[in-house]
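The values are calculated or read from the model by the stated rules, or taken from the named source; none is laboratory data. Here the structure is a predicted model, which means the values were calculated and not measured. For neighbour counting, all protein chains shown are included, and Cβ atoms are generated from backbone atoms with ideal geometry for every residue, glycine included. Each accessible area value is taken on the protein alone, full model and side chains, heavy atoms only, with ligands, DNA and RNA left out. Shrake-Rupley method; radii C 1.70, N 1.55, O 1.52, S 1.80 Å.
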Amino acid sequence: MTAQVSDNVLYLDQKFSLAGWNGAGLFEPGQYGLHPVQVTTGNWVGYICTYIVAGNVLRLERLEIGFGADDRAATMRGEGPPLFGVRPRQSEQDSYAQYEHLDQLMAFTGTLTLGADFVWSTYVHMGFHPPWRYRVVWDLTFEAGKLVQEADRSADMARMRDAEANGGLGSLFKPMKPPQIGDESITS
């Protein structure tokens, strides 16, 4: 398996990886008639979004997408499928078609977890990297695309990295004392 490329979020004038989310309303190509194909083992879903948080609003700024032969040929001719009024561009060297300057509001409701400054000593060549593998981590909570809460989680993630380095993440949790046979506090 290969480590996967994350979506990007531009926030506080910094580029973050989208390290996790809980909610609904992020960009889904199929909802707009786009059909991504995998063009690299590092991107199973076939597309990469770049979002921006500006003016306390979440917007889709850029989309890189792998197209099948027909859409790729149409894009090379300048006739690729439009998205929010923008046509994609693609050169012979690019694996992905690019939609730029989309500036499309995303009515996301939920929490995005952003990570920056990846800790390379924690790299695993498989799947998406969890938030604790980044030095700078923010949780951003949105309602219908509007930022309503932000929390710096960097210190929490540092504790998780320390715990992993010192015996695993399980060391963060206090083990439960198993009940003794004959313990009267156990009821059937």
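With only Cα atoms counted, segment 27-79 has Rg and Dmax values of 12.9, 39 Å. The mean accessible area for residues of segment 26-98, using a 1.4 Å probe and ignoring ligands and nucleic acids, is 49 Å² per residue. Residues in segment 46-57 carry Karplus couplings, in order, of x, 8, 9, 9, 10, 9, 9, 10, 9, x, 6, 10 Hz; the curve used is 6.51 cos²θ - 1.76 cosθ + 1.60 with θ = phi - 60°, and Gly or Pro positions show x. Extending 7 Å from Cα along the Cβ direction at GLU79 and again at TYR32 yields two label points whose distance is 2.2 nm. Taking amide H as placed 1.01 Å from N in the peptide plane, ARG153 has its amide H under 5 Å from the amide H of VAL137, TRP138, ASP139, each at least 5 places away in sequence or on another chain.
Accessible surface comparison of GLU100, GLU92, probe 1.4 Å, protein chains only, largest first: the order is GLU92, GLU100.
The convex hull of the Cα atoms of segment 44-109, projected and averaged over all directions, covers 5.1 nm².
Computed extension length for GLU100-ALA163: 18.6 nm, one decimal, from 0.36 nm per residue of separation with the Cα-Cα distance subtracted. Ranked by the mean number of other Cβ atoms within 10 Å of their residues, highest first, the peptides 52-65, 141-154 fall in the order 52-65, 141-154. Among the trypsin sites (Lys or Arg not before Pro) in segment 67-98, those placed in a DSSP loop whose Cβ has at most 14 other Cβ atoms within 10 Å are ARG77.
Against the criterion of solvent-accessible heavy-atom surface with a 1.4 angstrom probe, VAL39, VAL137 sort, most first, into VAL39, VAL137.
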